[in-house]
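Visitor: Pasting a structure here, questions to come.
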């Protein structure tokens, strides 16, 4: 797993590099110190995951995420910050970031990286508990009008609750391939890009 770390605190970046490289399946390809450098490093190395701070000088992690995801829609970006700020979390979700973790929760970083690498979206426990309240701003949505059937709606609910395709398949007694087909159909019908946007859409229209 090739990872780029970007943090304007060189001590934090160095500590993360040291901690993560103890694991034989992880290679820290490069480190950077601001959003502009994150964009340049991503273009050069195209890592499996970009682990990036949010608040940085010159260009923030959110600004860099927007630029990178515009150029590389499949980029896996895991945001790491000391600030549990609702506005940042919502922006990260809407941008399509694959995760948002608090730096204080060091124990969760390695499992989060592996989960993101496997295709999941991850958020710290404290953040997950607050997402519904943060995004609950619109009246109930008529999924029938978008031709979303009961099975697809159930899959949307499970995605919003953090289930992976494998877990959804187990819950609904389906194959993972069938779940992927349902997800593709859901994305097409709701005109969304990925499962993170599905979760955001669900909580906004709950």
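The values are calculated or read from the model by the stated rules, or taken from the named source; none is laboratory data. These numbers were taken from a predicted model, which means no experiment stands behind them. Note: ideal-geometry Cβ built from the backbone for every residue, glycine included; neighbour counts use all protein chains shown.
Visitor: Only one of 9, 25, 34 is within 16 Å of residue 78 (Cα to Cα) and in the same structural domain as residue 97 (by TED's automatic domain parsing). Can you tell me which?
Guide: 34
Visitor: Of everything in region 120-150 that's exposed (fewer than 12 other Cβ atoms within 10 Å of the Cβ) and closer than 20 Å to residue 187 by Cβ, which residue is modelled with the lowest pLDDT?
Guide: Only one residue fits best here, namely 138.
Visitor: Report every pair of residues separated by at least 6 positions or lying on different chains whose Cβ atoms are under 6 Å apart, first residue within region 143-162 and assigned by TED's automatic domain parsing to the domain that holds residue 198, second buried (at least 18 other Cβ atoms within 10 Å of the Cβ) and modelled with pLDDT under 90.
Guide: Partner pairs satisfying both residue conditions: 153/143; 156/198; 156/202; 159/195; 159/198; 159/199; 160/199; 160/202.
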